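Chemist: Structure provided below as C-alpha cells; questions to follow.
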Amino acid sequence: MAWNRLPVECLQLILDHLAEDKDIHALNSLLRVNRHLCDITLPYLYEDPFSLAASKFKEEHDSISLTTINTRLAPLIRTLLASAGPLYLTDLLRNAYWNSVEDETAFLTKKSGINYLRYLRHFYPSSVNHALFHNWKAFKQNTRLVNYVKVKGLEKQFRAQELSIENNPFEDVASFIVRYLAIPLRAELTWALCFPIFEQIQSLTVPLSDLQRYHGQMHRLQSLQCINFKQDQKLDYSGFLTQQLRHDKPEVLAQRRQMKADLMESMIEFVRDHTQMFPRVLLQADCPQENTWQGSHQIAPQIYLEQLNSFLPSLVCPTFLDTTNWSQFIAKIDTTDLKLVRTVVSPRGEPLQWLERLRQQCVCNDKSFLQRCRELRKVDMISLGPNFFAWAPQEKRERQAYYARKRRQSLEAAAAGAAGSATTAFPSAALQRASLLSEPAPVPPTPPPPPQPLEEAVLRCYWEGLGTEIEDIAVSFPETLTKIVIQGPRAQFAVPDQGIIPEPRAIGETWLEPLPRLRKLAIFKLEETFRMAPLLLSRCPALEELRIQDKATAYNCDQVLAFGVPRQYPAPTSLSELGTSRLKSIDLRGWSALCFHPETLRHTPELESLVLMTEHDRFMRNIIPEPGVLLSYDYPSLQEEADSIRNAMTAMSLSQLDSDDDDNQGFVQQQQQQTRPAILRRPCWAWDWYLPNLNRLRLTSEFAFRFQFKMLAGCPQLEYLELSIAVQGDHTPDMTEEQLTGPRDYYYYTHKRVLTRADFLAPNARHGGAKGKGRDRSDAYIICPNLKSLHLLGRWSMTDEFLEFLFTTVVPNLTDVTESQCLTFTFAGWVRATSRLPHLLSASSGRKYPEEKLLQLGMTKFKQDCRTAPQYIAYEKIVDGEEQVTFVQVPGSDGIKHPRPSGVYSLNLCDKYVLCVDHYID
C-alpha cells in the first residue's frame, strides 16, 4: 500500500513509535518522501527538537564536543532563528551562530517555505545547556564571535563583574569569557525563539536575570504548563569566599544577597500571577541547582521553593518522581495520585526538612507512598526507617490469605453441590420457604491489589541503619527483582573492633522463595556485619554481580568458626554442576569474605572480577592472625573437608527424623538449621580453580597471605593483580634501603612471604619427572601474557635474580608495577629488572632513596611539558547511589591526544624519575 493511501491516524501511530525511540534519521527520511508525509512528520521533529538532538549523546562523553555542536545544535538554532525573522536577530546572535556575514546572508536568503518555529512547543532541556552556552572550544573556533568580544570590550566588562579574590591567573581566557558570555547569549536566544510563539509554548526555561520581560508578556502564555527558572548569575559563593567577603567587603555580600532575594521574589510573583490568570494550566515550576560557577553552587532557598509549590496543583497522575517534580510532590503528598508511578528517584542532597515531612506522613502514620505506586518498577532514595518496606510482606500475606480462602470456599461449594445435587433438582415447598426466610449471603471481601512489578531497589540507609528492608524487598517481590542495592553513609577508615563481636547477619537466610531474575546484589558502607547464607547463590541463579562489604577488621579464627563458613556449593537445586552460576563479579569485604567458602569459585566459570579483603587503616594495613594459628584451623585437604561436612549433615538429618513437629515456624527453623552444619575447621584453599574470564584479582589480609601463584595458571585473561599482606603494627612504608636489605633484625617479620621460582612452576612441571628436571625451560613456569598491572604490598621477600625472572618470564608485558614494604632485593636490582619491561609506563616504590644515589643509577627528575602532557576530564556519574568518576583523555593545548610517558618511576613517596636510555646498571 502506498504511503498516501494510509490513513493519517495510522501514520501518526508509526511516527509515535519513531519519536518515542528518538529515531532522528528515520524521521528525517520521512520528510523527503512527499509533501503529505512532510506535513505530518514536521511536528514530531520540531515540537521538542533539542531533546531529540540530546538523546544521541546524553550518555556519551562527547556530549559537549565540537562535532555535536557543529553538526546538530548549531544548524538547528540557525534554522529556528531564520524562521523567527531578522527582527529578532541581535548582533550577539548573528556573531555567535554564523561565522561570517556572507554565511549569514546566504542562509537567511535561502527560503525553504516552511516556518519551523510554529511547531516548537518546548525550549529547552537542561541536557543541552552546556553544549549551547558553555563550550569554550566552539568559542575559540568562531573567529567572528572572538572579534566581536574584542571590539565590544566584553572581557573587560566581565572582569569588572568578578571579585578580585576570585581571579584565577591560570584559567584559560576563553573559558572565563564563555562563562560570562553565556548570560546574555542565553537570554537573547530564548527571547528570540520564544517571543513570536508565546501562545503555543508549553515548557520553557527562563533565565532569572531576564524574567521581567516575560512578566510583561504573561497574557500570551496561556499554554504554558512547565517552567524552569535558570539561576544564571553568580550570587551565591562558597564558604571560603563568603567568609572573605564578610570580612573584607560586607557591602558586596549584602548587595548580592539582596539581588538573590529580589530574583526569588520575582519568581514567586510570576508563578502566582500566572496561576491567577490561567487557573490549573501551569502544572510544574522549578528552580534547580546551578553548577556552572566553579566552587559556588547557586541554590534556591527552600522557603521560596515551598512558596512556589503552594501555587501549583498536585501532580496529575505522574509516571515518575525525580528531581524535576520532587519538591511539588513533597508539597502535596496526600493529594497526589501515584497509581501510575513507575520510577521513584529522589534528588541527592535533598533538604532534611523535606525528608522529615515525608517520613512523618508516610511512615509514622502508616501511609507509605510507595504502597500507592501500583506500577512501581524502580526505587532509588533514602530509606525513611527500618520499616520502610514493612507494608510489602504484609500485603503479600493478605493476598495469600485471600486466595487461600477463595480456594477453600470453592472446594466447600463443590463438595456441597455434589452432596445436594438430588435435592436441588426437585426442591420441596418447605425448602423453598426456608430459603426465602434465610439471611442474605455475605458480601465477599474486597480482593487485594495485584503485586507491584518492582525490579530495582536502591536504598541509602543514612538515618537509622539497615532494618528489615532487604528481607522485606526480597520476600515481597521475588519474581520480578533484578537489582538490590543497600548503601550506608560514606565509610571512614576502619578501627579495630573491641569487645564481643555480634554474629553477622546472614543475607538470604530468610528468603524462602527463589529470585530467578536477580542479577545484582550489593550491600556496602553500613555499620552492621554480614555474611552469605549457604543457599544464597542457589536461590539467585541469574546473579551476575555480588558485593557485600562491612567494616570488620579485628577477628580471630574461633569467631569465624562460631559464625560458620557455610558451603555455598554444592547446594540443593543449584551449583551441583559446573557452569550453573552466572557470577561475573564478586566483591566481599569484612565478614562476608571471612565466611566465604573458596570452593564456590569452582562453579563460577564466567567470573571476571574477584575481590576478597578486610578493611584496612589509612596506611593500607590489615590485621592478619598469626600464621601458625591461621593455618592450623584449615582442613588439610578437600577430601577431608568433604567427609567432615558429609558426616555432620548425616548426623543432623538423623536428629531431625526424631522430631514430629509439624508447625510451620518449626519447619522454617529446621530449614535454616539445615543450612548451618557443625563447622569444625575452616575450609581448604586449593587455589587450582579454572577461571578463564577472570581479568581482575584483588586480595588483601589473610587471603593474600594464603595466596598461591599456581592460581595464575587457571586465569589466562588476568590483567590486574593486587596482593597486600601489609599488617597493622608493622613498620611504616617509608623505610630506607639499609633497613629493607640489612641484618635479620630489620627484615624478619611475622607475616612474610618468600617468593622463589618454585612458586611459579606450571602444574605439569610440579608433578613430572625427577626433582629439578626441566626447570630451566620457559614452558615449565606459569606465564601471564595479559597481565598489565601488578601491585605487591607488604613483606614479600624477593631477590634481585628473582625479580629479573619475574619480569622477563612470568609477566613480561607489564605496564604498571608497584611495590611497597617489600624485602631483600636492592633498589638497583629493582630498576634493572623493571627496565627490561618493554611496555612499562610507570613503576612505583615505597622506599626512600637519596638523590645522589639515584643519579649514580642513571635516574633523573621527570618533568612533563604541559603542552604534551596527557589531559583528562573527570566525568562524575551516580550509579546505584554511589559516585563513579570516569577520566576521559582530551586533546592538549596543541590539539593532539598525547599518550602517557613511558618508564616513569615514582620514588620517595611523590617524586618522579626516568631512567636514562644510554645508562647501564651494573
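Where a number appears in this text, it was derived from the coordinates with a stated rule and is not lab data. Since the structure is predicted, the reported quantities are computational estimates derived from the model, not experimental observations. Please note: Cβ atoms are built from the backbone with ideal geometry, for glycine as well, and neighbour counts cover all protein chains shown.
Chemist: Would you mind putting 188-196, 26-34, 525-533 in packing order, based on average other-beta-carbon counts within 10 Å, highest first?
Modeler: Numbers: 188-196: 20.0, 26-34: 14.1, 525-533: 21.6.
Highest mean packing first, the order is 525-533, 188-196, 26-34.
Chemist: If you take every DSSP beta bridge fully contained in the stretch 65-313, what fraction is antiparallel? Give it as a percent rounded to 5. Spell out each step's value before the answer.
Modeler: On the way: 1 of 11 bridges.
The antiparallel fraction comes to roughly 10 percent.
Chemist: Evaluate E = 1/(1 + (r/R0)^6) for Phe320 and Asp21, where r is the Cβ-Cβ distance and R0 equals 22 Å; express this FRET efficiency to the nearest 0.05.
Modeler: Working: r = 19 Å, r/R0 = 0.84.
E(calc), rounded to 0.05, equals 0.75.
Chemist: If the cut-off is a Cα-Cα distance under 27 Å, which lysines reach Lys406, setting aside same-chain residues fewer than 8 apart in sequence?
Modeler: Lys339, Lys396
Chemist: If r is the Cβ-Cβ distance from Cys38 to Cys10 and R0 is 25 Å, what FRET efficiency results, to the nearest 0.05?
Modeler: Numbers: r = 17 Å, r/R0 = 0.67.
The calculated FRET efficiency here is 0.90.
Chemist: Can you tell me the FRET efficiency between Ser310 and Glu719 if r is taken as the Cβ-Cβ distance and R0 is 60 Å, rounded to the nearest 0.05? Intermediate results must be reported in sequence, preceding the final value.
Modeler: Working: r = 57 Å, r/R0 = 0.94.
In this case the efficiency is close to 0.60.
Chemist: Pop a pseudo-label 7 angstrom from the Cα along the beta-carbon direction at both Arg272 and Lys150 and give the gap in nm to one decimal.
Modeler: For Arg272 paired with Lys150, the spin-label model returns 5.0 nm.
Chemist: How do Lys584, Lys150 rank when sorted from fewest to most other Cβ atoms within 10 Å of their own Cβ? Present the calculation step by step, with values, prior to reporting the outcome.
Modeler: Working: Lys584 17, Lys150 10.
Going from least to most buried by this count: Lys150, Lys584.
Chemist: Now a separate question. Between Gln157 and Glu528, 0.36 nm times their residue separation minus their Cα-Cα distance comes to what?
Modeler: Residue separation times 0.36 nm, minus the Cα-Cα distance, leaves 127.9 nm.
Chemist: Listing Lys853, Lys140 from the residue with the fewest other Cβ atoms within 10 Å to the one with the most, what is the order?
Modeler: On the way: Lys853 12, Lys140 17.
With the fewest neighbours first, Lys853, Lys140 line up as Lys853, Lys140.
Chemist: Here's something else I'd like to know. Which residue, Ile183, Asn228, Tyr97, has the largest displacement toward the positive end of the dipole of the stretch 65-313 when charges sit on each Cβ (Lys, Arg +1; Asp, Glu -1)?
Modeler: Tyr97
Chemist: Here is a further query. Give the peptides 822-832, 166-176 in descending order of average Cβ contacts within 10 Å, highest first. Kindly include the intermediate steps, with their values, before the conclusion.
Modeler: On the way: 822-832: 20.1, 166-176: 11.7.
Listed from highest to lowest mean packing, they are 822-832, 166-176.
Chemist: Go through 387-393, 592-598, 624-630 and give me the packing order, highest mean Cβ count within 10 Å leading.
Modeler: Result, highest mean first: 592-598, 387-393, 624-630.
Chemist: Moving on. Counting only other residues whose beta carbon sits under 14 Å from that of Trp98, what net charge do I get with K and R as +1, D and E as -1? Spell out each step's value before the answer.
Modeler: On the way: positive: Arg78, Arg94, Lys110, Arg144; negative: Asp91, Glu102, Asp103, Glu104.
That sum, taken over residues with Cβ under 14 Å, equals 0.
Chemist: Based only on the alpha carbon positions, what is the Kirkwood hydrodynamic radius of the stretch 65-313, in angstrom? Intermediate values should be presented prior to the final figure.
Modeler: On the way: mean 1/r = 0.0509 Å⁻¹.
About 19.6 Å for the stretch 65-313.
Chemist: Taking 0.36 nm per residue of sequence separation and subtracting the Cα-Cα distance, how much length would be gained by fully extending the chain between Gln708 and Glu464, in nm to one decimal?
Modeler: Details: separation 244, 0.36 × 244 = 87.84 nm, distance 4.18 nm.
Residue separation times 0.36 nm, minus the Cα-Cα distance, leaves 83.7 nm.
Chemist: Related question: Quick check on the exposure proxy: order His791, His247 from fewest to most C-beta atoms within 10 angstrom. Kindly include the intermediate steps, with their values, before the conclusion.
Modeler: Numbers: His791 16, His247 9.
In increasing order of surrounding Cβ atoms, one gets His247, His791.
Chemist: With label points built 7 Å along Cα→Cβ from the Cα atoms of Leu241 and Arg374, find their separation and express it in nm.
Modeler: So the label points at Leu241 and Arg374 sit 5.1 nm apart.
Chemist: Mind counting lysine pairs for me in the stretch 65-313? Cα separation below 20 Å, and the two need to be 8 or more apart along the chain or on different chains.
Modeler: Summing the qualifying lysine pairs gives 9.
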